[in-house]
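Chemist: Please find one structure pasted underneath; my questions will follow.
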Amino acid sequence: MTRSAEKEKATQAARQLLTKFSVKSVPVPLERIVKALGIRVEYAPLDGELSGLVYVREGLPIVGINTLHAPNRQRFTLAHELAHVQLHGPELENAVHVDRGSLRRDAISAAGTDPIEIEANTFAAELLMPQDLLLAILDGRSIDLEDDEAVAGLAKRFRVSEAAMRFRLDSLGGAG
């Protein structure tokens, strides 16, 4: 599958969830969605760089989230791990998927070489910062990615980090 096909698959999966749960405003009720899908979430202090993990025990998906990370980062990590459950469920049956720094961009994620992580990040971005809702809020205006106040305001509204919002806006071409 090509990189654009992987991203489109992830985007469509996130949009299907948003539609299924009738999400029409932000912030997206992520915790309600995860609970309704029967996914157990455990919050605990984990090794510093460990953002989250997901595994299946007796048919039940379980997501672990690092409480040492900021709340908005935890939220992105939860959406990212939800992506693994939704998109890569069969691969989880006999493994534990561990994400180190799932929100941060490192050499591998910036290069976009791991298809599974590309899909999970794309899914999380669309789920937490849905393109249609973001564009509706911007109402045709573009945002200067260097305008910290504007980016911070949007990030707060969507309950995501400024880094995640900046990356999302950039991926949408300034979103204007």
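Chemist: Given the conditions (1) surrounded by fewer than 18 Cβ atoms within 10 Å (Cβ to Cβ); (2) not in a helix (DSSP H, G or I), which single one is not true for Lys35?
Modeler: Every listed condition holds for Lys35 apart from (2).
Chemist: I would also like to ask the following. Among the candidates Val41, Val23, Val63, single out the residue that is modelled with pLDDT of 95 or more, within 21 Å of Ala136 (Cβ to Cβ), of a type outside the set (Ser, Thr, Tyr) and not in a helix (DSSP H, G or I).
Modeler: Val23
Chemist: Right, something else. Identify the residue in region 92-115 that is at pLDDT 70 or above and out of contact with any Asp or Glu (no Cβ under 8 Å at 6 or more places or on another chain) and, among all such residues, is nearest to Pro45 (Cα to Cα).
Modeler: Selected residue: Asp114.
Chemist: A further question on this structure: Is it true that Leu68 is of a type in the set (A, V, I, L, M, F, W, C), modelled with pLDDT under 95 and assigned to a loop (DSSP other than H, G, I, E, B)?
Modeler: Spelling it out, it is not the case that Leu68 is of a type in the set (A, V, I, L, M, F, W, C), modelled with pLDDT under 95 and assigned to a loop (DSSP other than H, G, I, E, B).
Chemist: Can you tell me which residues in region 43-63 are closer than 21 Å to Ala14 by Cα, touching a helix residue (DSSP H, G or I) at 6+ places or on another chain (Cβ under 8 Å) and not β-branched (Val, Ile, Thr)?
Modeler: Ser51, Gly52, Leu53, Tyr55, Pro61
Chemist: Do any residues in region 148-169 that are of a type in the set (Phe, Trp, Tyr) have Cβ atoms under 8 Å from those of residues that are modelled with pLDDT under 95, where the two are at least six apart or on different chains, and which pairs are they?
Modeler: Matching pairs, first to second residue: Phe167/Arg105.
Chemist: Can I ask one more? Are any residues in region 1-33 farther than 21 Å from Val160 by Cβ and in contact with a Leu (Cβ under 8 Å, 6 or more places away or on another chain), and if so, which ones?
Modeler: Scanning region 1-33 gives a single hit, Lys9.
The values are calculated or read from the model by the stated rules, or taken from the named source; none is laboratory data. All of these numbers come straight from a predicted model, not from anything done at the bench. No Cβ is skipped: glycine too gets one built from the backbone with ideal geometry, and neighbour counts run over all protein chains shown.
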